[in-house]
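First the structure, then my questions, so here it is.
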Amino acid sequence: MSDHIYVTQSSMPPYEEYIEAIRPLWETHRLTNMGDYHGQLEQQLADYLDVPEISLTVNGHLALELAIQAFGFPPGSEVITTPFTFISTTHAIVRNHLHPVFCDVRNDDGTIDVTKIEQLITPKTVAILPVHVYGNACQTEEIEKLAYAYGLRVIYDAAHAFGIRYKGKGIGNYGDASIFSFHATKVFNSVEGGGVVCKNHDLYEKLYNLKNFGIRGEETVVSVGANAKMNELCAIMGLCNLRHVNEAMESRRKVRMRYQEVLTDIPGIRCLIETSPAEGNGAYYPVAVEESYAIDRDKLYVRFAEKGIHVRKYFYPLTSDEACFRNEYRSADLPIARRLSKQVLTLPVYEGMTEEEIDRVTEVLRENR
(Lines give C-alpha, C1' and ligand atoms only; values in the text may rest on other atoms or scores of the structure.)
Protein backbone atom coordinates (compact mmCIF):
# COMPACT_ATOMS: atom_id res chain seq x y z
CA MET A 1 0.00 0.00 0.00
CA SER A 2 1.44 3.38 -1.02
CA ASP A 3 2.01 5.94 1.72
CA HIS A 4 1.40 8.74 -0.75
CA ILE A 5 -1.66 10.93 -0.30
CA TYR A 6 -3.25 12.04 -3.56
CA VAL A 7 -5.42 15.08 -4.10
CA THR A 8 -8.43 12.83 -4.68
CA GLN A 9 -9.51 9.22 -5.14
CA SER A 10 -12.41 8.00 -7.24
CA SER A 11 -15.54 7.02 -5.36
CA MET A 12 -16.60 3.51 -6.37
CA PRO A 13 -19.51 1.26 -5.47
CA PRO A 14 -18.95 -2.16 -3.87
CA TYR A 15 -17.28 -4.44 -6.41
CA GLU A 16 -20.02 -7.08 -6.25
CA GLU A 17 -22.73 -4.48 -6.77
CA TYR A 18 -21.21 -3.24 -10.01
CA ILE A 19 -20.42 -6.73 -11.33
CA GLU A 20 -23.98 -7.85 -10.68
CA ALA A 21 -25.34 -4.70 -12.30
CA ILE A 22 -23.44 -5.23 -15.56
CA ARG A 23 -24.27 -8.96 -15.77
CA PRO A 24 -27.35 -8.42 -18.02
CA LEU A 25 -25.13 -6.85 -20.69
CA TRP A 26 -23.69 -10.32 -21.38
CA GLU A 27 -27.21 -11.41 -22.27
CA THR A 28 -28.31 -8.41 -24.34
CA HIS A 29 -24.91 -7.49 -25.84
CA ARG A 30 -26.23 -3.94 -25.97
CA LEU A 31 -23.35 -1.77 -24.84
CA THR A 32 -24.17 1.68 -26.24
CA ASN A 33 -26.56 3.73 -28.43
CA MET A 34 -28.77 5.07 -25.64
CA GLY A 35 -29.70 1.75 -24.09
CA ASP A 36 -31.92 1.06 -21.09
CA TYR A 37 -29.31 2.05 -18.49
CA HIS A 38 -28.57 5.33 -20.28
CA GLY A 39 -32.27 6.18 -20.06
CA GLN A 40 -32.49 5.16 -16.41
CA LEU A 41 -29.51 7.31 -15.49
CA GLU A 42 -30.91 10.35 -17.28
CA GLN A 43 -34.17 10.06 -15.35
CA GLN A 44 -32.55 9.39 -11.99
CA LEU A 45 -30.09 12.26 -12.40
CA ALA A 46 -32.87 14.67 -13.40
CA ASP A 47 -34.70 13.69 -10.22
CA TYR A 48 -31.62 13.90 -8.00
CA LEU A 49 -30.46 17.23 -9.39
CA ASP A 50 -34.00 18.61 -9.33
CA VAL A 51 -33.86 19.71 -12.98
CA PRO A 52 -36.32 19.35 -15.90
CA GLU A 53 -34.15 17.12 -18.14
CA ILE A 54 -30.54 16.12 -18.60
CA SER A 55 -28.87 14.85 -21.76
CA LEU A 56 -25.98 12.49 -21.02
CA THR A 57 -22.70 12.70 -22.90
CA VAL A 58 -19.44 10.79 -23.01
CA ASN A 59 -17.70 13.44 -20.87
CA GLY A 60 -18.18 16.87 -19.36
CA HIS A 61 -16.12 18.66 -21.98
CA LEU A 62 -18.32 17.50 -24.84
CA ALA A 63 -21.36 18.35 -22.74
CA LEU A 64 -20.17 21.95 -22.72
CA GLU A 65 -19.02 21.97 -26.33
CA LEU A 66 -22.35 20.63 -27.57
CA ALA A 67 -24.37 22.87 -25.26
CA ILE A 68 -22.69 25.91 -26.80
CA GLN A 69 -23.13 24.53 -30.31
CA ALA A 70 -26.84 23.88 -29.74
CA PHE A 71 -27.52 27.62 -29.45
CA GLY A 72 -26.20 28.25 -32.95
CA PHE A 73 -24.08 31.33 -32.26
CA PRO A 74 -22.52 32.94 -35.37
CA PRO A 75 -18.80 32.17 -35.82
CA GLY A 76 -16.60 34.93 -34.44
CA SER A 77 -19.10 35.91 -31.75
CA GLU A 78 -17.83 36.65 -28.25
CA VAL A 79 -18.52 34.76 -25.03
CA ILE A 80 -17.66 36.42 -21.70
CA THR A 81 -16.15 33.88 -19.32
CA THR A 82 -13.64 33.38 -16.52
CA PRO A 83 -9.95 32.53 -16.93
CA PHE A 84 -9.93 30.92 -13.45
CA THR A 85 -11.13 27.51 -14.56
CA PHE A 86 -9.97 24.24 -16.08
CA ILE A 87 -8.81 24.60 -19.70
CA SER A 88 -11.87 22.68 -20.95
CA THR A 89 -14.11 25.71 -20.40
CA THR A 90 -12.08 27.88 -22.77
CA HIS A 91 -11.45 25.10 -25.29
CA ALA A 92 -15.20 24.50 -25.62
CA ILE A 93 -15.73 28.13 -26.62
CA VAL A 94 -12.83 28.23 -29.09
CA ARG A 95 -13.71 24.88 -30.67
CA ASN A 96 -17.11 26.36 -31.47
CA HIS A 97 -15.32 29.10 -33.48
CA LEU A 98 -16.21 31.71 -30.86
CA HIS A 99 -13.96 34.16 -29.04
CA PRO A 100 -13.60 33.97 -25.25
CA VAL A 101 -13.48 37.33 -23.48
CA PHE A 102 -11.94 36.98 -20.05
CA CYS A 103 -13.44 38.64 -16.98
CA ASP A 104 -11.86 38.94 -13.55
CA VAL A 105 -13.13 36.94 -10.56
CA ARG A 106 -14.14 37.53 -6.94
CA ASN A 107 -11.44 37.19 -4.29
CA ASP A 108 -13.78 35.46 -1.82
CA ASP A 109 -14.65 32.40 -3.87
CA GLY A 110 -13.04 32.56 -7.34
CA THR A 111 -16.32 32.93 -9.27
CA ILE A 112 -16.77 35.49 -12.04
CA ASP A 113 -17.10 39.08 -10.84
CA VAL A 114 -20.46 40.26 -12.13
CA THR A 115 -19.50 43.91 -11.57
CA LYS A 116 -16.81 43.55 -14.26
CA ILE A 117 -18.97 41.91 -16.94
CA GLU A 118 -20.91 44.85 -18.42
CA GLN A 119 -17.78 46.73 -19.52
CA LEU A 120 -16.85 43.70 -21.66
CA ILE A 121 -20.14 43.51 -23.59
CA THR A 122 -19.93 44.55 -27.25
CA PRO A 123 -22.24 44.11 -30.26
CA LYS A 124 -20.44 40.78 -30.86
CA THR A 125 -21.27 39.36 -27.41
CA VAL A 126 -23.75 36.47 -27.51
CA ALA A 127 -23.37 34.73 -24.15
CA ILE A 128 -21.92 34.65 -20.66
CA LEU A 129 -20.29 31.41 -19.51
CA PRO A 130 -19.65 31.52 -15.74
CA VAL A 131 -18.18 28.67 -13.67
CA HIS A 132 -19.39 27.49 -10.25
CA VAL A 133 -15.80 27.21 -8.99
CA TYR A 134 -15.12 24.52 -6.33
CA GLY A 135 -18.91 24.22 -5.98
CA ASN A 136 -19.29 27.90 -5.03
CA ALA A 137 -22.44 29.18 -6.73
CA CYS A 138 -22.00 32.22 -8.97
CA GLN A 139 -24.04 35.38 -8.39
CA THR A 140 -26.75 33.94 -10.61
CA GLU A 141 -29.45 36.58 -10.20
CA GLU A 142 -27.12 39.47 -11.03
CA ILE A 143 -25.53 37.61 -13.95
CA GLU A 144 -28.87 36.68 -15.48
CA LYS A 145 -30.43 40.10 -14.94
CA LEU A 146 -27.51 41.66 -16.83
CA ALA A 147 -27.48 39.00 -19.53
CA TYR A 148 -31.15 39.23 -20.32
CA ALA A 149 -31.05 43.05 -20.36
CA TYR A 150 -28.59 42.70 -23.26
CA GLY A 151 -30.29 39.68 -24.88
CA LEU A 152 -27.46 37.29 -24.02
CA ARG A 153 -27.57 33.57 -23.25
CA VAL A 154 -26.19 32.21 -19.98
CA ILE A 155 -24.55 28.77 -19.97
CA TYR A 156 -23.13 27.62 -16.63
CA ASP A 157 -20.14 25.33 -16.27
CA ALA A 158 -21.29 23.39 -13.19
CA ALA A 159 -18.63 20.68 -13.44
CA HIS A 160 -17.72 21.27 -9.77
CA ALA A 161 -21.26 21.71 -8.51
CA PHE A 162 -22.92 18.29 -8.58
CA GLY A 163 -25.72 18.11 -6.00
CA ILE A 164 -25.43 21.77 -4.99
CA ARG A 165 -28.67 23.56 -4.17
CA TYR A 166 -28.86 27.34 -4.41
CA LYS A 167 -31.75 29.34 -2.93
CA GLY A 168 -33.89 26.23 -2.69
CA LYS A 169 -33.31 24.92 -6.22
CA GLY A 170 -30.89 22.54 -7.88
CA ILE A 171 -28.00 24.59 -9.26
CA GLY A 172 -28.72 23.35 -12.78
CA ASN A 173 -31.97 25.33 -12.93
CA TYR A 174 -30.18 28.64 -13.48
CA GLY A 175 -29.36 30.14 -16.86
CA ASP A 176 -30.33 28.75 -20.26
CA ALA A 177 -28.34 25.56 -19.70
CA SER A 178 -25.83 24.06 -17.26
CA ILE A 179 -23.32 21.29 -17.74
CA PHE A 180 -22.01 18.73 -15.26
CA SER A 181 -18.94 16.50 -15.37
CA PHE A 182 -19.02 12.90 -14.16
CA HIS A 183 -15.29 12.34 -14.52
CA ALA A 184 -13.61 9.84 -12.20
CA THR A 185 -12.17 12.67 -10.08
CA LYS A 186 -15.56 14.26 -9.38
CA VAL A 187 -17.69 13.75 -6.27
CA PHE A 188 -20.12 11.75 -8.45
CA ASN A 189 -18.67 9.82 -11.36
CA SER A 190 -19.61 7.42 -14.12
CA VAL A 191 -15.89 6.79 -14.81
CA GLU A 192 -16.17 9.23 -17.73
CA GLY A 193 -19.31 11.15 -18.47
CA GLY A 194 -21.16 14.41 -18.41
CA GLY A 195 -24.54 15.94 -18.98
CA VAL A 196 -26.35 19.07 -20.14
CA VAL A 197 -29.34 20.27 -18.14
CA CYS A 198 -32.06 21.23 -20.58
CA LYS A 199 -34.55 23.95 -19.74
CA ASN A 200 -36.86 22.93 -22.58
CA HIS A 201 -37.34 19.78 -24.60
CA ASP A 202 -36.27 21.43 -27.86
CA LEU A 203 -32.74 21.78 -26.46
CA TYR A 204 -32.80 18.12 -25.41
CA GLU A 205 -33.72 17.12 -28.98
CA LYS A 206 -30.94 19.27 -30.46
CA LEU A 207 -28.42 17.68 -28.12
CA TYR A 208 -29.68 14.20 -29.00
CA ASN A 209 -28.94 14.93 -32.64
CA LEU A 210 -25.57 16.53 -31.92
CA LYS A 211 -24.32 13.60 -29.83
CA ASN A 212 -25.62 10.87 -32.17
CA PHE A 213 -24.69 11.96 -35.70
CA GLY A 214 -28.16 13.44 -36.22
CA ILE A 215 -29.53 9.90 -36.61
CA ARG A 216 -33.29 9.59 -35.96
CA GLY A 217 -33.94 6.28 -37.66
CA GLU A 218 -32.23 3.53 -39.65
CA GLU A 219 -32.46 5.57 -42.84
CA THR A 220 -32.89 9.09 -41.44
CA VAL A 221 -30.17 11.59 -40.55
CA VAL A 222 -31.78 14.96 -39.83
CA SER A 223 -28.70 17.07 -39.03
CA VAL A 224 -24.92 17.03 -38.76
CA GLY A 225 -23.72 15.64 -35.46
CA ALA A 226 -20.86 13.99 -33.61
CA ASN A 227 -20.49 10.86 -31.50
CA ALA A 228 -20.70 11.87 -27.84
CA LYS A 229 -22.97 9.22 -26.36
CA MET A 230 -22.47 7.70 -22.93
CA ASN A 231 -22.09 3.91 -23.10
CA GLU A 232 -23.98 1.41 -20.93
CA LEU A 233 -21.00 0.39 -18.78
CA CYS A 234 -20.48 4.00 -17.74
CA ALA A 235 -24.22 4.50 -17.25
CA ILE A 236 -24.32 1.50 -14.90
CA MET A 237 -21.36 2.85 -12.93
CA GLY A 238 -23.31 6.10 -12.64
CA LEU A 239 -26.43 4.31 -11.43
CA CYS A 240 -24.42 2.41 -8.80
CA ASN A 241 -22.54 5.49 -7.62
CA LEU A 242 -25.74 7.53 -7.47
CA ARG A 243 -27.07 5.11 -4.82
CA HIS A 244 -24.09 5.97 -2.62
CA VAL A 245 -23.42 9.60 -3.54
CA ASN A 246 -24.97 11.07 -0.40
CA GLU A 247 -22.67 8.92 1.75
CA ALA A 248 -19.68 9.92 -0.42
CA MET A 249 -20.46 13.62 -0.05
CA GLU A 250 -20.98 13.28 3.69
CA SER A 251 -17.61 11.55 4.04
CA ARG A 252 -15.95 14.37 2.11
CA ARG A 253 -17.74 17.02 4.19
CA LYS A 254 -16.27 15.47 7.33
CA VAL A 255 -12.80 15.83 5.80
CA ARG A 256 -13.49 19.50 5.09
CA MET A 257 -14.80 20.05 8.61
CA ARG A 258 -11.63 18.51 10.06
CA TYR A 259 -9.49 20.79 7.90
CA GLN A 260 -11.54 23.77 9.02
CA GLU A 261 -11.06 22.91 12.70
CA VAL A 262 -7.31 22.61 12.35
CA LEU A 263 -6.50 25.39 9.88
CA THR A 264 -8.51 28.34 11.16
CA ASP A 265 -5.66 29.55 13.40
CA ILE A 266 -2.90 29.49 10.75
CA PRO A 267 -2.22 33.07 9.58
CA GLY A 268 -2.03 33.39 5.80
CA ILE A 269 -4.05 30.26 5.00
CA ARG A 270 -7.54 31.17 3.74
CA CYS A 271 -10.20 28.73 2.57
CA LEU A 272 -12.07 29.69 -0.63
CA ILE A 273 -15.17 27.63 0.10
CA GLU A 274 -18.08 30.04 0.63
CA THR A 275 -20.47 27.63 2.31
CA SER A 276 -20.03 26.04 5.72
CA PRO A 277 -17.69 23.03 5.55
CA ALA A 278 -20.70 20.92 6.57
CA GLU A 279 -22.60 22.07 3.45
CA GLY A 280 -21.84 21.92 -0.25
CA ASN A 281 -20.82 18.69 -1.95
CA GLY A 282 -17.42 18.23 -0.32
CA ALA A 283 -15.66 18.05 -3.67
CA TYR A 284 -12.72 20.38 -2.96
CA TYR A 285 -10.84 22.14 -0.18
CA PRO A 286 -9.01 25.05 -1.82
CA VAL A 287 -6.81 27.34 0.26
CA ALA A 288 -5.12 30.59 -0.71
CA VAL A 289 -1.55 30.88 0.56
CA GLU A 290 -1.43 34.61 1.26
CA GLU A 291 1.46 37.00 1.79
CA SER A 292 1.29 36.70 5.59
CA TYR A 293 2.12 32.97 5.43
CA ALA A 294 5.76 32.00 6.03
CA ILE A 295 6.50 30.82 2.47
CA ASP A 296 4.86 31.27 -0.92
CA ARG A 297 2.51 28.81 -2.62
CA ASP A 298 5.10 27.26 -4.93
CA LYS A 299 7.55 26.52 -2.11
CA LEU A 300 4.72 25.03 -0.08
CA TYR A 301 3.75 22.86 -3.07
CA VAL A 302 7.30 21.47 -3.16
CA ARG A 303 7.29 20.74 0.58
CA PHE A 304 4.07 18.79 0.23
CA ALA A 305 5.57 16.77 -2.64
CA GLU A 306 8.68 15.99 -0.60
CA LYS A 307 6.42 14.38 2.01
CA GLY A 308 4.50 12.30 -0.53
CA ILE A 309 1.41 14.55 -0.45
CA HIS A 310 0.06 15.49 -3.86
CA VAL A 311 -1.78 18.80 -3.72
CA ARG A 312 -2.77 20.73 -6.84
CA LYS A 313 -2.28 24.25 -8.18
CA TYR A 314 -5.88 24.52 -9.25
CA PHE A 315 -6.00 26.68 -11.37
CA TYR A 316 -2.56 27.68 -12.61
CA PRO A 317 -1.82 29.21 -15.00
CA LEU A 318 -4.98 31.09 -15.97
CA THR A 319 -6.46 29.77 -19.21
CA SER A 320 -5.94 33.23 -20.74
CA ASP A 321 -2.19 32.82 -20.10
CA GLU A 322 -1.81 29.34 -21.60
CA ALA A 323 0.48 29.12 -24.63
CA CYS A 324 -2.39 28.28 -26.95
CA PHE A 325 -4.39 31.41 -26.00
CA ARG A 326 -1.86 33.97 -24.78
CA ASN A 327 -2.50 37.48 -26.16
CA GLU A 328 -5.00 36.13 -28.69
CA TYR A 329 -8.29 36.99 -26.99
CA ARG A 330 -9.63 40.10 -25.33
CA SER A 331 -9.80 40.49 -21.56
CA ALA A 332 -10.18 43.07 -18.85
CA ASP A 333 -7.43 43.49 -16.31
CA LEU A 334 -7.29 40.28 -14.28
CA PRO A 335 -5.55 41.21 -11.00
CA ILE A 336 -7.67 39.00 -8.70
CA ALA A 337 -7.62 35.98 -11.00
CA ARG A 338 -3.85 36.24 -11.44
CA ARG A 339 -3.28 36.58 -7.71
CA LEU A 340 -5.47 33.58 -6.90
CA SER A 341 -3.77 31.51 -9.60
CA LYS A 342 -0.46 32.10 -7.77
CA GLN A 343 -1.90 31.47 -4.29
CA VAL A 344 -4.34 28.56 -4.45
CA LEU A 345 -3.65 24.94 -3.59
CA THR A 346 -6.39 22.33 -3.41
CA LEU A 347 -5.76 19.98 -0.49
CA PRO A 348 -6.50 16.23 -0.64
CA VAL A 349 -10.19 15.38 -0.16
CA TYR A 350 -11.74 12.01 -0.88
CA GLU A 351 -14.23 9.54 0.47
CA GLY A 352 -12.79 7.56 3.39
CA MET A 353 -9.82 9.84 4.00
CA THR A 354 -8.61 9.13 7.54
CA GLU A 355 -7.86 11.57 10.34
CA GLU A 356 -4.23 10.41 10.24
CA GLU A 357 -4.02 11.36 6.56
CA ILE A 358 -5.67 14.72 7.22
CA ASP A 359 -3.22 15.34 10.05
CA ARG A 360 -0.28 14.59 7.75
CA VAL A 361 -1.54 17.30 5.40
CA THR A 362 -2.15 19.87 8.12
CA GLU A 363 1.21 19.22 9.78
CA VAL A 364 2.94 20.48 6.64
CA LEU A 365 0.96 23.71 6.84
CA ARG A 366 1.63 24.12 10.56
CA GLU A 367 5.36 23.53 10.44
CA ASN A 368 5.79 26.55 8.13
CA ARG A 369 3.89 29.02 10.33
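The values are calculated or read from the model by the stated rules, or taken from the named source; none is laboratory data. Just so you know, these numbers come straight off a predicted model, no measurement behind them. Counting neighbours? That spans all protein chains shown, and the Cβs are built from the backbone with ideal geometry, glycine included. The accessibility values were calculated without ligands, DNA or RNA, using every heavy atom of the protein model including side chains. Shrake-Rupley method; radii C 1.70, N 1.55, O 1.52, S 1.80 Å.
Quick check on the range 169-180. Is at least one of its residues out of contact with any Leu (no Cβ under 9 Å at 6 or more places or on another chain), closer than 27 Å to Met230 by Cα, in a loop (DSSP other than H, G, I, E, B) and open to solvent by 10 Å² or more (accessible area, probe 1.4 Å)?
yes
Applying the selection to the range 331-369, what residues are within 19 Å of His310 (Cβ to Cβ) and part of a loop (DSSP other than H, G, I, E, B)?
The answer is Leu347, Pro348, Val349, Tyr350, Glu351, Gly352, Met353, Thr354, Asn368.
Only residues that are out of contact with any strand residue (DSSP E or B) (no Cβ under 7 Å at 6 or more places or on another chain), in a loop (DSSP other than H, G, I, E, B) and open to solvent by 60 Å² or more (accessible area, probe 1.4 Å): list them for the range 186-217, please.
Val191, Glu192, Asn200, listed by residue number.
Same structure again: Any residue in the range 201-214 that is over 15 Å from Ile54 (Cβ atoms) sitting within a Cβ distance under 7 Å of a residue that is of a type in the set (Val, Ile, Thr)? List the pairs, counting only those 6 or more apart or interchain.
Asn209/Val222; Phe213/Val221; Gly214/Val221; Gly214/Val222; Gly214/Val224
Quick check, is Glu328 at negative phi, in a loop (DSSP other than H, G, I, E, B) and over 24 Å from the mean Cα position of the chain (by Cα)? Step through it out loud before you land on a result.
Values: at negative phi: yes; in a loop (DSSP other than H, G, I, E, B): yes; over 24 Å from the mean Cα position of the chain (by Cα): yes.
Considered against the rule, which asks whether it is at negative phi, in a loop (DSSP other than H, G, I, E, B) and over 24 Å from the mean Cα position of the chain (by Cα), Glu328 comes out as yes.
Related question: Which of the following residues is over 22 Å from the mean Cα position of the chain (by Cα) and under 26 Å from Lys186 (Cα atoms): Ile309, Ile295?
One residue alone meets the criteria, Ile309.
Further, regarding this structure: Determine whether Val131 is closer than 25 Å to His91 by Cβ and under 15 Å from the mean Cα position of the chain (by Cα).
Details: closer than 25 Å to His91 by Cβ: yes; under 15 Å from the mean Cα position of the chain (by Cα): yes.
The answer is yes for Val131.
Quickly run through the range 204-222 and pick out the residues that are out of contact with any Lys or Arg (no Cβ under 8 Å at 6 or more places or on another chain) and among the polar types (S, T, N, Q).
Initial filter on the range 204-222 (out of contact with any Lys or Arg (no Cβ under 8 Å at 6 or more places or on another chain)): 204-208, 210, 213-221.
If the condition is that a residue be out of contact with any Lys or Arg (no Cβ under 8 Å at 6 or more places or on another chain) and among the polar types (S, T, N, Q), then Thr220 is the only one that fits.
Now for a different question. For the range 253-299, enumerate the residues that are touching a Cys at 6+ places or on another chain (Cβ under 8 Å) and in a helix (DSSP H, G or I).
Once the filter is applied, which keeps residues that are touching a Cys at 6+ places or on another chain (Cβ under 8 Å) and in a helix (DSSP H, G or I), the range 253-299 yields Tyr259, Gln260, Leu263.
Return yes when Pro317 is within 26 Å of Asp3 (Cα to Cα), open to solvent by less than 60 Å² (accessible area, probe 1.4 Å), under 19 Å from the mean Cα position of the chain (by Cα) and of a type outside the set (A, V, I, L, M) and no when it is not. Explain how you work it out, then say what you get.
Working: within 26 Å of Asp3 (Cα to Cα): no; open to solvent by less than 60 Å² (accessible area, probe 1.4 Å): yes; under 19 Å from the mean Cα position of the chain (by Cα): yes; of a type outside the set (A, V, I, L, M): yes.
For Pro317, the condition - within 26 Å of Asp3 (Cα to Cα), open to solvent by less than 60 Å² (accessible area, probe 1.4 Å), under 19 Å from the mean Cα position of the chain (by Cα) and of a type outside the set (A, V, I, L, M) - is not met.
Only one of (1) open to solvent by 10 Å² or more (accessible area, probe 1.4 Å); (2) in contact (Cβ under 8 Å) with a residue 40 or more places away in the chain; (3) closer than 27 Å to Ala92 by Cβ is not met by Val344, so which one is it?
(1)
What number of residues in the range 271-293 are open to solvent by 40 Å² or more (accessible area, probe 1.4 Å), of a type outside the set (A, V, I, L, M) and closer than 23 Å to Leu49 by Cβ?
Filtering the range 271-293 for residues open to solvent by 40 Å² or more (accessible area, probe 1.4 Å) gives 274-276, 278-279, 290-292.
Keeping just the survivors that are of a type outside the set (A, V, I, L, M) gives 274-276, 279, 290-292.
Those still in the list that are closer than 23 Å to Leu49 by Cβ too: 274-276, 279.
So the count comes out to 4.
Now for a different question. Determine which single condition Gly163 fails, assuming it passes every other condition in (1) open to solvent by 50 Å² or more (accessible area, probe 1.4 Å); (2) among the small types (Gly, Ala, Ser); (3) modelled with pLDDT of 95 or more.
(1)
Right, here's the next one. Restrict the check to the range 24-35 and report whether at least one residue is in contact with a Gly (Cβ under 6 Å, 6 or more places away or on another chain) and surrounded by 18 or more Cβ atoms within 10 Å (Cβ to Cβ). Talk me through it step by step, then tell me what you get.
If we filter the range 24-35 for residues that are in contact with a Gly (Cβ under 6 Å, 6 or more places away or on another chain), which is where we start, we get none.
The answer is no, given that none of the residues of the range 24-35 is in contact with a Gly (Cβ under 6 Å, 6 or more places away or on another chain) and surrounded by 18 or more Cβ atoms within 10 Å (Cβ to Cβ).
Which residues, taken from the range 218-239, are small (Gly, Ala, Ser) and either part of a loop (DSSP other than H, G, I, E, B) or open to solvent by 30 Å² or more (accessible area, probe 1.4 Å) (or both)?
Initial filter on the range 218-239 (small (Gly, Ala, Ser)): 223, 225-226, 228, 235, 238.
Listed by number, the residues that qualify are Ser223, Gly225, Ala226, Ala228.
Determine if the range 262-270 includes at least one residue that is farther than 16 Å from Asn33 by Cβ, open to solvent by less than 10 Å² (accessible area, probe 1.4 Å) and touching a Lys or Arg at 6+ places or on another chain (Cβ under 7 Å).
So far as the range 262-270 goes, yes, one or more of its residues are farther than 16 Å from Asn33 by Cβ, open to solvent by less than 10 Å² (accessible area, probe 1.4 Å) and touching a Lys or Arg at 6+ places or on another chain (Cβ under 7 Å).
Can we say Ala323 is out of contact with any strand residue (DSSP E or B) (no Cβ under 9 Å at 6 or more places or on another chain) and open to solvent by 80 Å² or more (accessible area, probe 1.4 Å)?
Numbers: out of contact with any strand residue (DSSP E or B) (no Cβ under 9 Å at 6 or more places or on another chain): yes; open to solvent by 80 Å² or more (accessible area, probe 1.4 Å): yes.
Criteria met by Ala323.
For the range 7-59, which positions are part of a loop (DSSP other than H, G, I, E, B), over 15 Å from Val191 (Cβ atoms) and under 19 Å from the mean Cα position of the chain (by Cα)?
Val7, Asp50, Val51
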